[in-house]
Amino acid sequence: MSLLTILHYPDPRLRTQAKPVSRFGEDLRKFADDMLETMYDAPGIGLAATQVNVHERIIVIDVSENRDEPYIFVNPELEVSGDEIDTEEGCLSVPGIYEPVTRFERVAVTARDPLGEPLHVEAEGLLSVCIQHECDHLEGKLFVDYLSSLKRNRIRKKLVKQQKQRA
Ligand code: NI
């Protein structure tokens, strides 16, 4: 397994619309395992392929305390329901920033695993929020897009400054 490089906001590649996966199998399984390893190492609770500059519809998630309940969703389709809930969100592509975002309480996901087997998962709470957040990445959307433009510009400036200092 190997660690992948995570793109940081405002990198324009994070705005790419991901394409559906058509080839399932061992190579995809290895890539998903690399994504999980990258997510655990960061550490984070979710990662979309978009964030590692691969523009295919794959997300990985683990919201468990012991970091031993990984989900891999390929070509996920979401059906949201329930009340709207506000949760403080962060993102590995927007390091150090946490802001409340409104999402739906429940989500039903239909997807495939890396070998092409169909999956169906119903989630609520943190897992539901995380699934909605990661699927946004596949559309080129980030959680900062839900904030006011004033706030978003402030975050952009802060991150650009940090990236320059690191370079
Ligand atoms: Ni994210």
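Summary table
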{"read-out": "Members of the stretch 121-131 found to be over 24 Å from Lys30 (Cβ atoms), out of contact with any Gly (no Cβ under 8 Å at 6 or more places or on another chain) and open to solvent by 20 Å² or more (accessible area, probe 1.4 Å), listed by number", "value": "Glu122, Gly125, Leu126, Leu127"}
{"read-out": "Leu147 being within 16 Å of the ligand (Cβ to nearest atom), touching a residue at least 24 places away in the same chain (Cβ under 8 Å) and of a type outside the set (Lys, Arg)", "value": "yes"}
{"read-out": "Pair list, Cβ under 7 Å, 6 or more apart: the stretch 125-138 residue closer than 14 Å to Thr87 by Cβ, other residue among the small types (Gly, Ala, Ser) and surrounded by fewer than 22 Cβ atoms within 10 Å (Cβ to Cβ)", "value": "Ile131/Ala123"}
{"read-out": "Qualifying residue in the stretch 150-166 (condition: part of a strand (DSSP E or B), surrounded by fewer than 21 Cβ atoms within 10 Å (Cβ to Cβ), away from the ligand (no atom under 16 Å from the Cβ) and not aromatic (Phe, Trp, Tyr))", "value": "no"}
{"read-out": "Ile6 vs. criteria within 13 Å of the ligand (Cβ to nearest atom) and open to solvent by 50 Å² or more (accessible area, probe 1.4 Å)", "value": "no"}
{"read-out": "Members of the stretch 45-100 found to be open to solvent by 50 Å² or more (accessible area, probe 1.4 Å), part of a strand (DSSP E or B) and under 12 Å from Ile131 (Cα atoms), listed by number", "value": "Tyr71, Glu77, Leu78, Glu79, Val80"}
{"read-out": "Complete set of residues in the stretch 53-89 that are of a type in the set (Gly, Ala, Ser) and free of Cβ contacts under 8 Å to residues at least 24 places away in the same chain", "value": "Ser64"}
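Table: residues versus (1) within 16 Å of the ligand (Cβ to nearest atom); (2) in contact with a helix residue (DSSP H, G or I) (Cβ under 9 Å, 6 or more places away or on another chain).
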position: Arg23; (1), (2): no, no
position: Glu26; (1), (2): no, no
position: Phe31; (1), (2): no, yes
position: Ile45; (1), (2): yes, yes
position: His55; (1), (2): yes, yes
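The values are calculated or read from the model by the stated rules, or taken from the named source; none is laboratory data. The structure displayed is predicted, hence computed values, not measured ones. No Cβ is skipped: glycine too gets one built from the backbone with ideal geometry, and neighbour counts run over all protein chains shown. The protein model used for the area step is the full one, side chains on, heavy atoms only, and it has no ligands, DNA or RNA in it. Shrake-Rupley method; radii C 1.70, N 1.55, O 1.52, S 1.80 Å.
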